[in-house]
Amino acid sequence: GAVVSQHPSWVICKSGTSVKIECRSLDFQATTMFWYRQFPKQSLMLMATSNEGSKATYEQGVEKDKFLINHASLTLSTLTVTSAHPEDSSFYICSANGQYNSPLHFGNGTRLTVT
Amino acid sequence: AQKITQTQPGMFVQEKEAVTLDCTYDTSDPSYGLFWYKQPSSGEMIFLIYQGSYDQQNATEGRYSLNFQKARKSANLVISASQLGDSAMYFCAMREHIRTGANSKLTFGKGITLSVRP
């Protein structure tokens, strides 16, 4: 079945540094990918929709300059958390889809800890 | 207004028994899809079952079935013969505008924690 690979699975970084998370669709082309954020025991909150070849669409309240999204190819989207702070510590998970009525395929998530 | 509502507190079920996880939704779009995902403690999102708004029959996938009541806007997940490995968080989600072919986002409910007792 369709697979989405997300890397790294976990990362610890110091406050003020930037972290890049990659999301790849391995056996299908994904014109659209979605980035979610999840705090412990809470739901997945959509941060942004990543569109191949164009600017990402951010949800209300999500800082564009802090969470940089690049979707340069049909199989790769990246999320860069710039100048990370401890409050950015969270579980970030990406997803991609093929057909409009098919389930989103999720990566395994990235657990970010900012010290 | 919330689009997906999951209000049950943590659920407990005895192994081998059936359990129903509730989900209600809100949309004015006639063309939508409803999904259930399982998230174990490891964090990955596992797709369980899908129900389209135009589907005439309730969806079933192995031990999972969806009790779809369109007029009441509910899409409850039924897990039969619960197993210890079913202990996880379960999310109901909705996608609108599915017939336009647009890559619309998936909106999630708050989730329900299910614990299966041996």
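The values are calculated or read from the model by the stated rules, or taken from the named source; none is laboratory data. Please read these numbers as outputs of a predicted model, since none were measured by experiment. Glycine also receives a Cβ, built like all others from the backbone with ideal geometry; neighbour counts cover every protein chain displayed. Surface areas here come from the heavy atoms of the whole protein model, side chains and all, with no ligands, DNA or RNA. Shrake-Rupley method; radii C 1.70, N 1.55, O 1.52, S 1.80 Å.
Condition first: open to solvent by 50 Å² or more (accessible area, probe 1.4 Å) and under 23 Å from A:R111 (Cα atoms). Now tell me which residues in the range A:61-74 satisfy that.
Scanning the range A:61-74 gives A:G61, A:E63, A:K64, A:D65, A:L68, A:N70.
Just checking, how many residues over the range A:49-96 are within 12 Å of the chain's Cα centre (by Cα) and touching a residue at least 24 places away in the same chain (Cβ under 8 Å)?
17
Give the range B:33-54 a look and list any residue that's over 24 Å from A:Q38 (Cα atoms) and surrounded by 14 or more Cβ atoms within 10 Å (Cβ to Cβ), or say none. Break it down into steps so the answer makes sense when it comes.
Here is the first cut: in the range B:33-54, the ones over 24 Å from A:Q38 (Cα atoms) are B:51-54.
Listed by number, the residues that qualify are B:Q51, B:G52, B:S53.
Looking only at the range A:44-60, how many residues end up being buried (at least 20 other Cβ atoms within 10 Å of the Cβ) and either more than 14 Å from chain B (Cβ to nearest Cβ) or at pLDDT 90 or above (or both)?
Kept after step one, since they are buried (at least 20 other Cβ atoms within 10 Å of the Cβ), are these residues of the range A:44-60: A:44, A:47-48, A:50, A:56.
Among the residues that remain, those that are also either more than 14 Å from chain B (Cβ to nearest Cβ) or at pLDDT 90 or above (or both) are: A:44, A:47-48, A:56.
Result for the range A:44-60: 4.
Among (1) within 21 Å of B:F12 (Cβ to Cβ); (2) in contact with a Pro (Cβ under 9 Å, 6 or more places away or on another chain), where does B:Y54 come up short?
Failing condition for B:Y54: (1).
Check the range A:89-97 and report whether any residue there is in contact with a Phe, Trp or Tyr (Cβ under 8 Å, 6 or more places away or on another chain), within 14 Å of another protein chain (Cβ to nearest Cβ), more than 27 Å from B:Y50 (Cβ to Cβ) and crowded, with 17+ Cβ neighbours inside 10 Å.
yes
Does the range A:27-43 hold any residues that are open to solvent by less than 20 Å² (accessible area, probe 1.4 Å) and at the interface with chain B (Cβ under 10 Å from one of its Cβ atoms), and which are they?
Result: A:A30, A:T32, A:M33, A:F34, A:Y36, A:Q38, A:S43.
Is it fair to say B:S28 is small (G, A, S), more than 14 Å from chain A (Cβ to nearest Cβ), in a loop (DSSP other than H, G, I, E, B) and in contact with a strand residue (DSSP E or B) (Cβ under 8 Å, 6 or more places away or on another chain)? Don't jump to the end; show me each part of the working.
Values: small (G, A, S): yes; more than 14 Å from chain A (Cβ to nearest Cβ): yes; in a loop (DSSP other than H, G, I, E, B): yes; in contact with a strand residue (DSSP E or B) (Cβ under 8 Å, 6 or more places away or on another chain): no.
Here the answer is no, as B:S28 does not meet what is asked.
Can you name the strands (runs of 3 or more DSSP E) wholly within the range B:53-112 that have at least 2 residues being under 27 Å from B:P40 (Cβ atoms) and facing chain A (nearest Cβ under 10 Å)?
B:88-96, B:106-108
Scan the range B:1-43 residue by residue and report those that are of a type in the set (F, W, Y) and over 17 Å from B:F68 (Cβ atoms).
Taking the range B:1-43 as the starting set, the residues that turn out to be of a type in the set (F, W, Y) are B:12, B:25, B:32, B:35-37.
Of everything in the range B:1-43, just one residue is of a type in the set (F, W, Y) and over 17 Å from B:F68 (Cβ atoms), namely B:F12.
Since A:R24 meets every condition but one in (1) surrounded by fewer than 16 Cβ atoms within 10 Å (Cβ to Cβ); (2) basic (K, R); (3) modelled with pLDDT under 95, which condition does it not meet?
The failed condition is (1).
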